[in-house]
Each structure stands twice: as C-alpha cells, then as structure tokens.
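So the structure is just underneath, and the comments pick up after that.
The values are calculated or read from the model by the stated rules, or taken from the named source; none is laboratory data. Since this is a predicted model, take the numbers as computed values, not measurements. We place every Cβ from the backbone using ideal geometry, glycine too, and count neighbours over all the protein chains shown. Calculation scope for accessible area: heavy atoms of the full protein, side chains included, ligands and nucleic acids excluded. Shrake-Rupley method; radii C 1.70, N 1.55, O 1.52, S 1.80 Å.
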Amino acid sequence: MPAEPLLIAQHGDIACHLLPQLANRHGLITGATGTGKTITLQKLAESFSRIGVPVFMADVKGDLTGISQPGSAGGKLAQILAERGLPEPAWGACPVTLWDVFGEQGHPVRATVSDMGPLLLARMLDLNDTQEGVLQLVFRIADDNGLLLLDLKDLRAMLQHVGDHAAQFTTSYGNISAASIGAIQRGLLQIESQGGDRFFGEPMLDIRDFMQTATAPGGSSKQGVVNILAADKLMNAPRLYATFLLWMLSELFEVLPEIGDPDQPKLVFFFDEAHLLFKDAPKALLERIELVVRLVRSKGVGVYFVTQNPLDVPETVLGQLGNRVQHALRAFTPRDQKAVKAAAETMRANAGLDIATAITELAVGEALVSLLDEKGRPGVTQRVYVLPPGSRIGPVTPAERQALLAGSLVAGVYEKAVDRESAHEILKGRVAHAQEDEPPRGRPRSMREEADAAVRPRREAGDDQSGRTRRDADDSQPAPRSAREPASGGWLGDLADGMLRGSGRKDSVLETVAKSAARTIGSTVGRELIRGVLGSLLGGGSRRR
C-alpha cells in the first residue's frame, strides 16, 4: 500500500503533495543561486527518508549534513513561518551515512578502472574520438590477456605495455598511435593531481550499501538512510564529479532487478549541479544517459536533477522529468530570458497565473510547483512556499561528523585500501623475467645458455621425461571450476552471494574485498569494449553478477 502523500509546499489553502508511487517518474529542481534549491532538496530528502526510502545526494556546498540532526524553531526561521502562515515542521533527524571520494569527510568511495570502463574514462579524461578508440583497444587487450585493471597504476602499466608493443598488436586490434597513448597518460597525470587516483581501487563500492534503513537518533521507527557525498572538494574537478555520479547511476541500473512501478521508490538519487553532466558531452554519451534515465525508473529509482537553468538539461531528458519545482530565475541576459520562457512553456498552465512573469518575481523559498497526479499527469502549476525541513539547516560540527562516521552501518568496511595482484604486478613480473633470460650486455649467449632458455618453458609447464605434460597425464581429472562454470564470479561469486544473503550485519574488510573480487572476475570474462550499463545497452557483455 502506498505511503501517504508527501506535503512539500503550500500557500494558504493550496497544498502540493508528491505521490510516493509516482516519485520514480523523476524530477527537476531549478533556480538561480540563492533562491532556495538546497532547502528544497533537503526537504525532499527528509520526506523520502521518513517513509523508509533511502536517498543519495551530493553535498556541493557542504551544508546538507545538518539533516542528521534535529532542527528547532528560532530566529529567522520562526519569523518566516509566521509571515507565510506555514505550520511548524515535525522536528527530527534522519539516519545518515557520509561518503567522500578522498576519504577525509566520509567513508572512502572507490571503483575499479575496469568497472568504470573506457567510455566513462574517456569522458573523465576529455579524450577525442581517436584517443577514446585507442583506450578501448587497451581495455580489449587487457581482457583478452586476463589482465585486471583495478587502479590507475594498472592502467598506466597497460598503456605502456601496449605502446611498447604497438607493432605486435596492430595486426590483431588496429593501429595504435603513440601520440594517443601519450595523451591518455597525460590525462591520467592530471586526474592524479586532482586526487582522482584515490577513487580507483579496491574494495569497490557496493552500490547496495546506499539502500539501507536505520533508526534515526532519538527515533523509534526505521527510516531510509540518507547517503551524503562530500562534494565541495570534488567540485574542483568537475569532470571527475559528473563522471563519478553517472557511474553510480549506471551501477544502480545494472545491480537492481526490474520491479515495475512500486508503491514507493527503492532509492531516490539527487544529481546536483546537473549541468556538469551534460556540458560538452558527445552525442553518443547523451543518448546513453537518456536511456539510463528512461529505463532506471522500472528499477524503482527516482532521479532528480538539480541545476540553475532548465536549459542545462537536454530536451530528451527534460521530457522524462515529471515532478517540477521551479525557483526564481533572473532575466538579466538574452539567455536568461530564453530560459524563463522555456521553463514557463514546459509547466502545466494555470488560468489564474502568469508563469513567465511569476518566475522572475519569486522570493527566496518560494517556487512554482507542478507534481504528477494519481493518473500520472502533470499537476496544475501552483505558486507556493516550500516547507522548511524538520532537521537542522546547516552543516554538522566536526565532533558530530566523527560520531556519524563511528556509528555508520559501513564503518570499517571501506577504510583500508587493498592492492591485489593485477595488470601492474603481472606486467612488472614479465619484464623482470625477461631481463633474467637476457645474457649480460657485451657477451653473446653460449650454446648452453641458448639450450637452457629453450628448455625452460617446457620444464616450467611440467614436462616429464616421456614428453607428456602433467596436464596430459591428468586428463582424467575434472576440469577446473573456471572451465566448467559460467563466468559469473565462480566460487568467489558464491561466497559474495552468501554474504549478501546474510543477517544484515556490516561486512568485514575481507568480505568486502571478496565481493569486489567476485564482481571484477565476473566482469572480465566476456566483457565487450564498453563496460557498465552504457555497454549493456549497446549489446555489451554480461554483468559481473
């Protein structure tokens, strides 16, 4: 049975309710700087949490963490409530998990290079079409040779290996330009200088850790956990920020099963500063984003884009955003005037309201709201005041942040990075082995050395005196598991699945690494050029689970 409608805004007798069963039809929150978008975001997140819906949102300005603490009436807020005739909110906090790509203000968030894939990496590195093609070849060569790409040093080693042996790979994979290899390497150095190297590695984030419920401090019932990503520092690298959030969205699409239209969302995903996602994005990527947004609804995920200007969102995506909250826009420039007109035309008309004029007159905290009705139709646009949240408006103190981290459901799971054997170590070992086989400089190999070098590979493969290998001698033994079972993670995948069906306790570091390894192994077998949901929509390989 659907939860009660969520009261978001009102003005006198006019009340705007968001229907939980239609919250996965996505939404848009727009308005100029300082018009109240952040308060609207906090109010929506709090409302979802209170009905048991987990939330993810990026804290771009660093002031959303107050949702973890109960609010109180006083000072300016009490004055606003009295002036606008708004009811006092139900004061209370929400359960919160803090995340941070850099591991400073929250639990570390990591992804493997392999899971990110060449398409999103090319976007992050700002590569042209030729360079992106070379990067795709590097991923393909790594797949074909069983080389795991987990962190940036793996990718850098793989790029060097392919560049050093370009002539060898050209026949099978196509031309590999040294200039393109160099451009990719330079891009990786830039990402490292921005701190992005800490994002790549293991244990990799299990996206299902976003979808938990817990009891808020001082509360008695289960609420959806509000996952807050510290993004104030991350915003210094806009491409890394946008690509990271897009990767999260694609992970949700792949991990979650089809459920149709649930009574309420399984997760609501707020994409703040959404213009960064679409700015200068190639047409192919925009098409994939449109598909993800359209299809992720059936997974029970609602996506809400937050941006200053509605023109920041392409029309193909804008048409899928049914729930709208429009704060004030300032028509100071021709582009601003065009944005006001576009915003007015995309909202359902109200006979008693000049929407285009109202957009430029709205006060802080006031908005034009159009939410879907019971039949999925856009509601008549109303000029209303967004209700203040019942949680604290503003950031937490350092002591409160430390308490949140210590009491988190995932405390201790992601903190310690793990560096297992992957492409960097394997390629380094091959180079060392090749150097051992080389004779000292200035002296040719003797006949004995040549003979030993020729025999060594057979001896290491286990040849006996009769010339049969151990594999031939033991052909009656059953094939190894990896040869008998499909590439779904094997025994490590079974181990991870067993953990996932556990009693709800938080995973240990070992269990988290096992899950990450299972996902990586499953994804390396049969994977095509483009990973993740963007690849599967193009007919790519099977998912790692």
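On the full set of protein chains, 1.4 Å probe, figure out the accessible area of ARG84 and give it in Å² to the nearest 10.
Result for ARG84: roughly 60 Å² accessible.
Suppose all protein chains stay in the model; what accessible area per residue would a 1.4 Å probe give for segment 1-117, in Å²?
Working: 3870 Å² over 117 residues.
I get 33 Å² per residue for segment 1-117.
By per-residue mean of other Cβ atoms within 10 Å, what is the highest-first order of 109-121, 139-151, 200-212, 400-412? Please list the in-between numbers first.
Details: 109-121: 25.2, 139-151: 20.2, 200-212: 21.9, 400-412: 15.8.
Answer by packing, highest mean first, reads 109-121, 200-212, 139-151, 400-412.
Using the Karplus equation 6.51 cos²θ - 1.76 cosθ + 1.60 (θ = phi - 60°), what ³J(HN,Hα) coupling, rounded to whole Hz, does each residue of segment 104-114 give in order, writing x for Gly and Pro?
9, 10, x, 5, x, 10, 10, 9, 7, 4, 4
Pull out a ≥ b ≥ c, the square roots of the eigenvalues of the alpha-carbon gyration tensor of segment 285-401, then state rounded if a/c is under 1.5, prolate if not and a/b is larger than b/c, and oblate in the remaining case.
Details: a/c = 1.42, a/b = 1.06, b/c = 1.34.
Rounded.
Plugging the Kirkwood radius over Cα pairs into Stokes-Einstein for segment 74-230, at a temperature of 25 °C and a viscosity of 0.890 mPa s, what D comes out in µm²/s?
Details: Rh = 19.0 Å.
For the chosen part, D equals 129 µm²/s.
Leaving out ligands, DNA and RNA, what percent of the accessible area of segment 237-286 is carbon and sulfur, probe 1.4 Å? Provide the component values of the computation, followed by the final result.
Details: 880 of 1640 Å².
The value for segment 237-286 is 54 percent carbon and sulfur by accessible area.
Suppose all protein chains stay in the model; what accessible area per residue would a 1.4 Å probe give for segment 209-258, in Å²?
Working: 1630 Å² over 50 residues.
Roughly 33 Å² per residue, with all protein chains present.
Just the number, please: carbon plus sulfur as a percent of the accessible area of segment 289-381, 1.4 Å probe, no ligands or DNA/RNA counted.
On the way: 2120 of 4020 Å².
C and S fraction of accessible area: 53 percent.
What nm distance separates the two modelled labels at ASN128 and ALA406, each placed 7 Å from Cα along Cα→Cβ?
Computed distance between label sites ASN128 and ALA406 equals 5.5 nm.
Which residues' amide hydrogens lie under 5 Å from the amide hydrogen of SER391, considering only partners 5 or more residues apart or on another chain, with H built in the peptide plane?
Those qualifying (amide H under 5 Å, at least 5 residues apart or on another chain) are GLY71, GLY92.
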